[in-house]
Amino acid sequence: MRPDIPTLLHDIFGFPGFRGVQEQVVGRVMDGQATLAIMPTGAGKSLCYQLPSVALEGCCVVISPLIALMHDQLRAAQAVGIRAASLTSVDADWRETQERLRGGDLDLLYVAPERASGEGFRSLLRSAKIALFAIDEAHCVSEWGHDFRPDYRLLRPLLDEFAAVPRLALTATADAHTREDILVQLGIPREGMVIAGFDRPNIRYAVHARDGLPRQLADLAAANPGPGIVYAQTRAATEKLADGLARTGRAVRVYHAGLDPQVRAANQAAFIASEDMVMVATIAFGMGIDKPDVRFVAHAGLPKSIEGYYQESGRAGRDGEPAQAHLYWGAEDFARARQRIAELDPTRQQGERARIAALGALVETGTCRRAILLRHFGESPPATCGNCDNCMSPPASIDATQTAQKFLSAVYRTGQSFGAGHIESVLTGAATDKIRDRGHDRISVYGIVEGDETALLRPVSRALLVRDALETTEHGGLMLGPNARPILRGEEEVRIVLPPRRERRKRSARNG
Ligand code: ADP
Ligand code: ZN
C-alpha cells in the first residue's frame, strides 16, 4: 500500500503542501516512471527524491557532482531523520555504509558519477534493494550544457542494468538543446519531462555598463541594506572590490577557492548568519547554500552563460520578498570571452559562441530583461514584466548605423591595430602626437564625428564588439570581425540603447 504522501510531507519535512511541480514529479516517481524535472534554483528539487526515498521500499541512489554539495544535502536529510549516507573519497565509514545498504537500512545514498559508473559500485547495488536513481545537476550529461562532465556519460549502462528502477533526472538549467540531450543520454521518454516555470517575479533585473565599478557597487550596497552577493571574475577582483566596499563601512567578506578552507567556511557561516553582509565571491560560492533572505546579487562582469546568470542571480530573494539582480558589463568582457573560445577545441566553439551571443542579447536589449531570460528557457512570457530596468523606465534607442559605419571605417583605415581610444581621437579630430606621427590626420575619417554624435562612440564600439563586428587583436587593438560587412554595406541596422536619463545626469554632474 502506498504510504500517505501528504502525511510524510508534513511529518518529515514540516511542509504544509507541495510547491509547484513537486507534486507531479513525486507522483511520477512513486508510479515508477522515468522523469526529467527542470526546476529553477530554489524550487525544491531535493524534496522530489527525498520524499520518495522515505516512501518507497529500498534505497534511493543520488548521483551528484560535488562533494561539498552532497554533504550539505546529506546533513539536511539527516537533520529531518532520513537515513542517509554518502560514499565519497572523504567518507571514512564506507564499510558501515555498504552494510547498511545491503541490510535495507538506508533511504538515501549520495555518490559521485565517477564512482556510480564503476563496476565495484554496480556489484554493490546488485546485493541491495534500489528504489530510485536520482541524477542531480543532470545538465552535466550534455556537451550543450554549461557544465559538461564526461563521467555523467558513463551512467547509462548503470541505469540500464537496473532497468526496473525508476530514474529521475533533475536540473535547474537547461535550454532546449540541453533538455533533448538529457532525455536521450539518460533514456527518458519525452513525456517524462516536467518543466516548472522559471519566472522569479520578486527579482528585479537591471543591467548597467561598467563605469567606475567600485562606486557603482558602493551605490548599490548603500541602497540595499540587506544581505547581498557580488560575483567577481577573479580571486584578485573579489579582494579588491571587497576592500572598496569595506571602506564604505559595510560588513563584507570574501569567498574564493584560493582561501584557506577554514577562512572560507568561517566567511560563509558569517554571511549566512548576517542580516546586512555583502559577500564578494567567485562563482565557487553559492551552490547548495541555503540563505533565503539575500536581497541583491550583483555581477561585476559578464557571467559565463544565461544559465549561469539565472542560477547565480536566482540566489536572491528565495524567501519570495522583493530582491534585485544587477549585472555590470563592459565590452572587454565579450572580447575576453571570444579569445577564450578561440582557444577551445573547434567542436565546442559553436556552442560557446551561441552562449556569448545570448548574453549579448540580454545586456544590449532595450526590451524586457525577464522576457529574454524566460524565452531562453523555452517559455513564452509577456513582452513586459513591469519589474526590470527596461520595463520600469523604457530606454530611448536610436539608429546609430552611420556612426557604427564611421567607427568600422576608422578601424579599417588605421590598419586594424589600434584601441578604441585612438579610434575615437581620430574620428573626433583630436590633435595628438600619435595621430600626427601615424599620419592619421590625413585619412578621410579624421574629424568626421562632432557634436552630440561624439557621445555615441563609446556605446557604438561596445555594441560592435558584442555583435562580433569588431574583435580585439592579441595586443588589445581592434580589428573588423565577421559581422562588420553587413553593417558597412548598410544591410544591418545598429540600434543603440541610451542609458536612462538619471544615470546620464549623474555622470555629467560628476564630470562637470
Ligand atoms: P533547489 O535544489 O531546487 O534549488 P532546494 O531543494 O534546496 O531547492 O529547496 C529550496 C528551499 O525550499 C529549501 O529551503 C527547502 O526547504 C524549501 N522547500 C522545498 N519544498 C518545499 C515545500 N513544499 N514547501 C515549503 N518549502 C519548501
Ligand atoms: Zn521587464
Within segment 350-386, can you find the residues that are surrounded by fewer than 20 Cβ atoms within 10 Å (Cβ to Cβ), among the basic types (Lys, Arg) and within 14 Å of ligand 2 (Cβ to nearest atom)? Arg375
So, in segment 4-51, of the ones that are outside any helix (DSSP H, G or I) and in contact with a strand residue (DSSP E or B) (Cβ under 6 Å, 6 or more places away or on another chain), which residue ends up surrounded by the fewest Cβ atoms within 10 Å (Cβ to Cβ)? Val21
Does Ile289 satisfy the condition of being hydrophobic (A, V, I, L, M, F, W, C), out of contact with any strand residue (DSSP E or B) (no Cβ under 9 Å at 6 or more places or on another chain) and part of a loop (DSSP other than H, G, I, E, B)? yes
Assuming Gly447 fulfils every condition listed in (1) touching a Lys or Arg at 6+ places or on another chain (Cβ under 6 Å); (2) surrounded by fewer than 19 Cβ atoms within 10 Å (Cβ to Cβ) apart from one, which condition is it? (1)
Is there any pair with a first residue in segment 197-217 that is closer than 20 Å to Ile229 by Cβ and a second that is more than 16 Å from ligand 2 (Cβ to nearest atom) and among the polar types (S, T, N, Q) whose Cβ atoms are under 8 Å apart and which are 6 or more apart or on different chains, and what are they? His208/Gln216; Arg210/Gln216
If a residue has to be within 19 Å of the chain's Cα centre (by Cα) and modelled with pLDDT of 90 or more to count, how many in segment 375-388 make the cut? 1
Please indicate, with yes or no, whether at least one residue in segment 187-201 is surrounded by fewer than 20 Cβ atoms within 10 Å (Cβ to Cβ), charged (D, E, K, R) and within 26 Å of Thr365 (Cα to Cα). yes
For segment 60-70, indicate whether the set of residues that are small (Gly, Ala, Ser), within 17 Å of Asp290 (Cβ to Cβ) and not in a loop (DSSP other than H, G, I, E, B) is non-empty. yes
Quick check, is Asp147 surrounded by fewer than 20 Cβ atoms within 10 Å (Cβ to Cβ) and within 16 Å of ligand 1 (Cβ to nearest atom)? yes
Would you check which residues across segment 55-70 are crowded, with 24+ Cβ neighbours inside 10 Å and out of contact with any Ser or Thr (no Cβ under 6 Å at 6 or more places or on another chain) and list them? Cys59, Val61, Val62, Ile63, Ser64
If you check Arg122 against the conditions, is it of a type in the set (D, E, K, R) and farther than 26 Å from Ala164 by Cβ? no
Please tell me if Gln324 is more than 15 Å from ligand 2 (Cβ to nearest atom), among the polar types (S, T, N, Q) and over 22 Å from Arg462 (Cβ atoms). no
Would you mind finding the one in Arg122, Arg167, Arg126, Arg156 that is crowded, with 19+ Cβ neighbours inside 10 Å, more than 23 Å from the chain's Cα centre (by Cα) and of a type in the set (Lys, Arg)? Arg167
Residues being under 19 Å from Lys129 (Cβ atoms), within 16 Å of ligand 1 (Cβ to nearest atom) and part of a loop (DSSP other than H, G, I, E, B): count how many of those fall in segment 71-102. 1
Is at least one residue of segment 452-463 in a loop (DSSP other than H, G, I, E, B), polar (S, T, N, Q) and either surrounded by 13 or more Cβ atoms within 10 Å (Cβ to Cβ) or under 26 Å from the mean Cα position of the chain (by Cα) (or both)? no
Out of segment 234-292, which residues are without any contact (Cβ under 8 Å) to a residue 40 or more places away in the chain and of a type in the set (S, T, N, Q)? Thr248, Gln262, Asn267, Gln268
Count of residues meeting criterion [surrounded by 13 or more Cβ atoms within 10 Å (Cβ to Cβ) and not in a strand (DSSP E or B)] in segment 464-485: 12
Within segment 373-403, residues closer than 30 Å to Ile423 by Cβ and of a type outside the set (Ser, Thr, Tyr) come out as Asp389, Asn390, Pro395, Ala396, Ile398, Asp399, Ala400, Gln402
Hey, among the residues in segment 344-393 that are closer than 26 Å to Glu471 by Cβ and assigned to a loop (DSSP other than H, G, I, E, B), which one's nearest to ligand 1 (Cβ to nearest atom)? Thr365
Residues in segment 256-279: is at least one crowded, with 17+ Cβ neighbours inside 10 Å and at positive phi? no
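The values are calculated or read from the model by the stated rules, or taken from the named source; none is laboratory data. Here the structure is a predicted model, which means the values were calculated and not measured. Backbone-built Cβ (ideal geometry, glycine too); neighbour counts: all protein chains shown.
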